[in-house]
Amino acid sequence: MSRSPPQMPVSSSDSGTGQLDVAPRPPQSGKVGVLLLNLGGPEKLEDVQPFLYNLFADPDIIRLPSAVRFLQPVLASVIASLRAPKSAEGYEAIGGGSPLRKITDDQAVAIRKALRKKGILDAEVYVAMRYWHPYTEEALKQVVEDGVGKLVILPLYPQFSISTSGSSLRLIEALFKGDPAFESLQHTVIPSWYQRPGYVRAMADLIQEELDQFPDPEEARIFFSAHGVPKSYVIEAGDPYKEEMEECVALIMGELARRGRGNPHTLAYQSRVGPVEWLKPYTDDSIRELGKGGCKSLLAVPISFVSEHIETLEEIDMEYRELAEESGVRHWRRVPALNTDATFIDDLADAVIEALPYVSNFGGRSSATIGSGGAGATTDASVPIGDLEALLGAYDRERRALPAPVGPWEWGFTKSAETWNGRLAMVAIIVILLLEVTTGQSVLYSAIYHMTALD
Ligand SMILES: C=CC1=C(C)c2cc3[nH]c(cc4nc(cc5[nH]c(cc1n2)c(C)c5CCC(=O)O)C(CCC(=O)O)=C4C)c(C)c3C=C
Ligand SMILES: [Fe+2]
Ligand SMILES: [Fe+2]
């Protein structure tokens with residue numbers, strides 16, 4: 001196993017407010033910037049471990065009680081080094097790295113072109129990754145350098161989750177806070193956009209095209225596979241992810257029904273990490289059950305992400321396909337990710353244009369009213385729009401600590417265990433782990449290795 005030293009986190013959402021070291025051009029009030037938020041991915045195999053470190057060092061990915069948050073870098077380092085070999089195998093299987101940077105860059109170019117076509121001539125689109133290059137800090141620095149006057153923040157996740165869009169927004173909030181470079185930068189956020197008709201249409205188009213390739217297009221089951229999150233995010237922290245996902249699937253199925261497609265469908269959740277409970281049903285269990293139940297034709301639809309990535313190219317195309325075939329499915333297909341699909345890009349450009357009237361200064365109220373029941377503002381736009389503070393407040397108001405998504409430490413991080421005894425025991429476990437990781441294999445080490453490699 002390679003044990004290269006993990007990279008220090010570029011930042012974490014509570015890492016303070018490192019100011020951007022740039023001399024901002026005075027904002028040209030007409031210049032529009034679009035900041036695309038994404039997660040980023042390792043571009044080569046050596047990047048895998050430091051990428052994983054950045055991911056697990058994020059307090060929105062492993063949520064620790066504040067009293068033990070200082071342990072996060074140590075935990076991240078241990079988990080990253082244990083998971084790296086398994087993760088690297090996956091990246092090796094898809095050509096040695098993640099295609100995410102290239103696809104996101106292509107999406108940025110396509111959105112800029114679409115904006116120009118729609119009359120927004122002075123617009124630039126920036127890519128801001130959370131865990132790998134180009135980092136969010138670098139993108140924002142460029143935004144300021146370019147003198148952008150109005151910034152539309154657009155996460156490339158159709159549905160909101162604390163662990164994805166929420167994490168990126170929290171980082172941006174920390175960078176904005178107290179930094180004079182941002183005082184005159186007006187912004188607005190489009191927190192989720194799964195409900196936009198253009199997105200729904202683009203997904204229905206792709207599904208329809210694939211359905212027609214089956215020998216029995218009417219019988220094929222549409223199998224939506226969403227990326228999972230730990231169940232506690234939804235139950236304890238109020239993550240709207242599950243609700244938005246279910247609504248999204250209902251909208252796509254409604255569109256297909258209007259087109260005369262009455263296929264059966266399933267929604268399941270993939271890619272769980274560690275042994276704590278994630279959203280159910282799990283994709284692998286569902287595939288087994290469907291196969292056992294006599295399902296012969298299955299169309300997999302990745303639904304939580306709009307680019308091809310390791311989990312479409314490796315997990316779905318290789319692992320789940322094999323599982324489906326072993327379970328008795330005869331015909332298997334997978335809907336491609338939207339990537340730069342024309343209907344989809346055009347709709348995102350419309351979303352940006354609809355958002356422009358709602359920009360405001362950081363810390364101020366946007367001109368739209370933020371509804372009390374959710375994060376969305378009531379506007380004419382078909383996406384909820386709001387400023388960062390209001391959005392994060394509405395989605396994750398209490399910012400409650402959650403059990404870590406990795407099992408061996410879970411018992412020590414639950415609310416009932418927030419006692420000194422528990423904390424000391426946790427510290428002891430981490431010390432043992434560190435000793436084992438640095439000195440070699442042991443029972444505890446290999447037990448945890450298997451748990452962190454669980455997918
Ligand atoms: C909407 C999409 C995603 C959610 C929700 C999400 C939550 C989440 N992820 C992890 C842990 C890992 N994610 C990893 C890769 C990865 N995750 C997403 C999307 C969501 N994650 C994507 C698109 C990718 C792939 C990026 C690429 O390189 O192509 C990884 C690394 C890969 C691996 O080892 O499996 C980990 C680890 C957690 C813990 C979590 C919720 C708390
Ligand atoms: Fe993930
Ligand atoms: Fe995975």
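The values are calculated or read from the model by the stated rules, or taken from the named source; none is laboratory data. Note that the coordinates shown come from a computational prediction; the quantities given were computed from them, not determined experimentally. So basically every Cβ, Gly included, is an ideal-geometry build from the backbone, and we count neighbours across all protein chains shown.
A quick yes/no check of all residues on (1) touching a helix residue (DSSP H, G or I) at 6+ places or on another chain (Cβ under 7 Å); (2) under 19 Å from Ser163 (Cβ atoms); (3) buried (at least 18 other Cβ atoms within 10 Å of the Cβ):
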position	(1), (2), (3)
Pro65	yes, yes, yes
Pro73	no, yes, no
Ala80	yes, yes, yes
Glu89	no, no, no
Thr104	no, yes, yes
Ala110	yes, no, yes
Gly119	no, no, no
Ala123	yes, no, yes
Val127	yes, no, yes
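Please enumerate the residues belonging to segment 169-181 that are within 25 Å of the chain's Cα centre (by Cα) and either at pLDDT below 80 or of a type outside the set (A, V, I, L, M) (or both). Give the derivation first.
Here is the first cut: in segment 169-181, the ones within 25 Å of the chain's Cα centre (by Cα) are 169-177.
Matches in segment 169-181: Arg170, Glu173, Phe176, Lys177.
Counting residues that are without any contact (Cβ under 8 Å) to a residue 24 or more places away in the chain, which helices (runs of 4 or more DSSP H) fully inside segment 90-178 reach at least 2? Outline the logic, then answer.
Details: elements: 100-117, 136-145, 167-176.
Once the helices (runs of 4 or more DSSP H) in segment 90-178 are filtered for at least 2 residues that are without any contact (Cβ under 8 Å) to a residue 24 or more places away in the chain, what remains is 100-117, 136-145.
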Residue satisfying all of: in segment 233-262; at pLDDT below 95 and aliphatic (A, V, I, L, M); nearest to Tyr157 (Cα to Cα) among these
Val234
Glu322 fails exactly one of the following numbered conditions: (1) outside any loop (DSSP other than H, G, I, E, B); (2) under 26 Å from Leu45 (Cα atoms); (3) within 25 Å of the chain's Cα centre (by Cα). What is the number of that condition?
(3)
Just one of (1) in a helix (DSSP H, G or I); (2) modelled with pLDDT of 95 or more; (3) near ligand 1 (Cβ under 10 Å from one of its atoms); (4) surrounded by 22 or more Cβ atoms within 10 Å (Cβ to Cβ) trips up Tyr269, so point out which.
(1)
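So if I check each of Ser161, Ser168, which one is more than 15 Å from Leu348 (Cα to Cα) and within 16 Å of ligand 3 (Cβ to nearest atom)? Give the derivation first.
Details: Ser168 fails: within 16 Å of ligand 3 (Cβ to nearest atom).
Sole residue among the options that is more than 15 Å from Leu348 (Cα to Cα) and within 16 Å of ligand 3 (Cβ to nearest atom): Ser161.
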Hey, any hits in segment 168-176 for a residue that's of a type in the set (Val, Ile, Thr), crowded, with 24+ Cβ neighbours inside 10 Å and away from ligand 2 (no atom under 16 Å from the Cβ)?
yes
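Could you tell me which of the residues Gln208, Gln213 is at pLDDT 90 or above, assigned to a loop (DSSP other than H, G, I, E, B) and either farther than 19 Å from Val335 by Cα or not assigned by TED's automatic domain parsing to the domain that holds Lys150 (or both)?
Numbers: Gln208 fails: assigned to a loop (DSSP other than H, G, I, E, B).
Result of the check over Gln208, Gln213: Gln213.
Look through Ala80, Ala67 and report the one residue that is away from ligand 1 (no atom under 16 Å from the Cβ), outside any loop (DSSP other than H, G, I, E, B) and not charged (D, E, K, R).
Numbers: Ala80 fails: away from ligand 1 (no atom under 16 Å from the Cβ).
Answer to the check: Ala67.
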Considering every residue within segment 74-88, establish whether at least one is modelled with pLDDT of 95 or more, within 16 Å of ligand 3 (Cβ to nearest atom), in the same structural domain as Pro155 (by TED's automatic domain parsing) and closer than 15 Å to His309 by Cα.
yes
What's the number of the condition Met253 fails, among (1) part of a loop (DSSP other than H, G, I, E, B); (2) closer than 26 Å to Leu313 by Cβ; (3) of a type outside the set (Asp, Glu)?
(1)
Would you call Val329 in a loop (DSSP other than H, G, I, E, B), surrounded by 18 or more Cβ atoms within 10 Å (Cβ to Cβ) and over 18 Å from the mean Cα position of the chain (by Cα)?
yes
Quick one: which of Leu75, Leu64, Leu36 is under 20 Å from Ser168 (Cα atoms), away from ligand 2 (no atom under 16 Å from the Cβ), in contact (Cβ under 8 Å) with a residue 40 or more places away in the chain and over 18 Å from the mean Cα position of the chain (by Cα)?
Leu64
Filter segment 278-307 for residues that are part of a loop (DSSP other than H, G, I, E, B) and within 14 Å of ligand 3 (Cβ to nearest atom); the one that is surrounded by the most Cβ atoms within 10 Å (Cβ to Cβ) is Ser304
Checked pairs for segment 227-248, first within 18 Å of Tyr282 (Cα to Cα) and without any contact (Cβ under 8 Å) to a residue 60 or more places away in the chain, second within 16 Å of ligand 3 (Cβ to nearest atom) and outside any strand (DSSP E or B), C-beta under 7 Å and 6 or more apart or across chains, list as Gly228/Ser271; Gly228/Arg272; Gly228/Leu279; Lys231/Leu279; Val234/Leu279; Lys242/Leu279
Filtered residues of segment 188-234 (kept if of a type in the set (Gly, Ala, Ser) and within 16 Å of ligand 1 (Cβ to nearest atom)):
Ser192, Ser225, Ala226, Gly228, Ser232
